[in-house]
There are 2 protein chains.
Amino acid sequence: MPEKERSIKDFKQLISLLKEKHICKRAVVVWSEDSHTQEAVSLAAHEGFIKPILICSETTRNTFAQKEGFETIIVDSPEEASRKAVALIREKQADIIMKGFVNTDVLLRAILDKELGILPKGAVLTHIAVAKLAEYNKLIFFTDAAVIPYPTDEQRKAQVQYLVDFCHAFNITCPKISLIHCSEKVDTKHFPHTANYLTLKEDAKAGVFGKCEIDGPLDLKTSCSKEAMEIKQINSPINGEADALIFPNIESGNLFYKTITLFCHAEVAGVLQGTMAPVVLPSRGDTITSKLYSLALASLIVK
Amino acid sequence: MPEKERSIKDFKQLISLLKEKHICKRAVVVWSEDSHTQEAVSLAAHEGFIKPILICSETTRNTFAQKEGFETIIVDSPEEASRKAVALIREKQADIIMKGFVNTDVLLRAILDKELGILPKGAVLTHIAVAKLAEYNKLIFFTDAAVIPYPTDEQRKAQVQYLVDFCHAFNITCPKISLIHCSEKVDTKHFPHTANYLTLKEDAKAGVFGKCEIDGPLDLKTSCSKEAMEIKQINSPINGEADALIFPNIESGNLFYKTITLFCHAEVAGVLQGTMAPVVLPSRGDTITSKLYSLALASLIVK
């Protein structure tokens, strides 16, 4: 198998893949006034997979941007920066949006604007993340840690499709998607989402999502540990080596994200999906590395 | 401050405390037919904080129990073992129940039996766990990973009381209880539990739970990291050093339990509360050490 067809197992391999494929995407950075954002963008530009367009103040242009030789658009406020970034996506003059020193609410307002925004009618806006854990020998994709409180059946179907598409982009030809619950029992009375899980499995068998294996409800251990699967005597195509996890609700998704970053030294990247272009929307506590990896993820999955 | 008044920061200190206080509780072990259960019980007995009463087969008596010199009651089935164990608690001939090689359903049926069981009318049955993580310099208590799907306001109030009582038993004089959510915003429309969180804070101020600090909604990072708290510019009495976490639902509680054991090498102990005696109810995948620590936890919190 040629190198580029191998599945991507960590973030270094992701960046290598971007280089091999000579991928370089135009990332518009919304109000790039803070040093964390600037450092992440510099790193990505030096790696070669990002061509930044900074929407920023004159000060930032005269200092950081000129030194780096980055293209700039001068605006007066985070609000103006947000509107401008969204306009560039609509005009196909940029491929990715990255949040800088702007409140999430402000940027989302511009993104979700019914007339001028970039969420197509009927599209499902959701957050997709991918993590590398020391204790797991592959990347693990998951949704949703940040956007949809309690996914409807339709939203969850869209989430599964995003995960499958992401995994395919990472050369995981037949991704194993696990539908997470606290146990392996379908219990439609207490946990209506477990009924939806059955529908998703049928959809997968009918080929709705493309090539993949989907199973659930499964708990995290059964999804990610062959040993746990054997102890519970469970037979699942996931085989304790899930590539991606669907969480039942935002509390569990968010908790997974925060537990692995706080207690497991996980490296994590994340983007919004559903919009006309991927949106890199880091939290205030995210590391520069996490922002860099998020830009790499966005670059690979730009359509 | 004398040694025994210091707060307990890990499981070794817990076992030392039990020894110092000369605590030795009668633990009735339900159908103790598997080697994992037997090893955990042996270790606890050798440490001196457990006096086991094995409800088992004749074979187990003639081999394991006789060798160890443990008291036995011979029965024919896991069902009979469960009923017998519950009866011993009612007759005050035992202090703790531990599940052996019996299905959880079978044991719970005996525990919850309206006439012969050991859950007092109106008591809230819930699961309390405590973990030691390499990345956190104290124990962290949490609920509920196993029993209540979506706690009602009344159930959550009982959970807070259990956590406070547990922390006090661990000599944590003013425990910091964090009410977990995916963000710090109260949003009663999408997340009704955040309204309940406000009520719990008022109850705490009114002294309902005894000495403690309660705050929320807070996310996991803000609860357990001073740095994260500072980045978000949040002011909270939890101060990034929570002693205990209330999770909004079973999916998030269960996911936390499984993430820290699978990916963070956490040591975890757990018991059921609400019953007339603590119930040690290990999962099939739990380690012998985890079962030992659960027995230690149960011994300390027996009333």
Quiz item: Somewhere in region B:139-158, is a residue more than 14 Å from every other protein chain (Cβ to nearest Cβ) and of a type in the set (G, A, S)?
Solution: yes
Quiz item: So which residues in region B:253-277 are more than 7 Å from every other protein chain (Cβ to nearest Cβ), closer than 20 Å to B:L108 by Cβ and of a type outside the set (A, V, I, L, M, F, W, C), if there are any at all?
Solution: B:G253, B:Y257, B:G270, B:Q273, B:G274, B:T275
Exercise. Among residues belonging to region A:262-302 that are free of Cβ contacts under 8 Å to residues at least 12 places away in the same chain and assigned by the TED database to the domain that holds A:H193, point out the one that is surrounded by the fewest Cβ atoms within 10 Å (Cβ to Cβ).
Key: A:L262
Exercise. Report, by residue number, each residue of region A:214-240 that is closer than 13 Å to A:K176 by Cβ, crowded, with 19+ Cβ neighbours inside 10 Å and out of contact with any Gly (no Cβ under 9 Å at 6 or more places or on another chain).
Key: A:I214, A:D215, A:G216, A:L218, A:G240
Practice problem: Residue by residue through region A:149-170, note down the ones that are surrounded by 17 or more Cβ atoms within 10 Å (Cβ to Cβ) and over 20 Å from A:V208 (Cβ atoms). | Solution: A:F170
Quiz item: Does region B:215-234 include one or more residues that are out of contact with any Leu (no Cβ under 9 Å at 6 or more places or on another chain) and away from chain A (no Cβ under 14 Å)?
Solution: no
Quiz item: What helices (runs of 4 or more DSSP H), lying completely within region A:209-303, carry at least 3 residues that are closer than 26 Å to A:K25 by Cβ?
Solution: A:288-301
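Each row is one residue, and each column tells you yes or no for (1) farther than 28 Å from A:A27 by Cβ; (2) in a helix (DSSP H, G or I); (3) touching a residue at least 60 places away in the same chain (Cβ under 8 Å).
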residue	(1), (2), (3)
A:K92	no, no, no
A:I111	no, yes, yes
A:H127	no, no, yes
A:K157	yes, yes, no
A:Y162	no, yes, yes
A:N171	no, no, yes
A:K185	yes, no, no
Self-check item: Tally, over region B:225-258, of residues that are in contact with a Phe, Trp or Tyr (Cβ under 8 Å, 6 or more places away or on another chain) and over 20 Å from B:I172 (Cβ atoms)
Solution: 7
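The values are calculated or read from the model by the stated rules, or taken from the named source; none is laboratory data. Keep in mind that this is a model prediction, so the values were computed, not measured. Cβ atoms come from the backbone with ideal geometry, glycine included; neighbour counts cover every protein chain shown.
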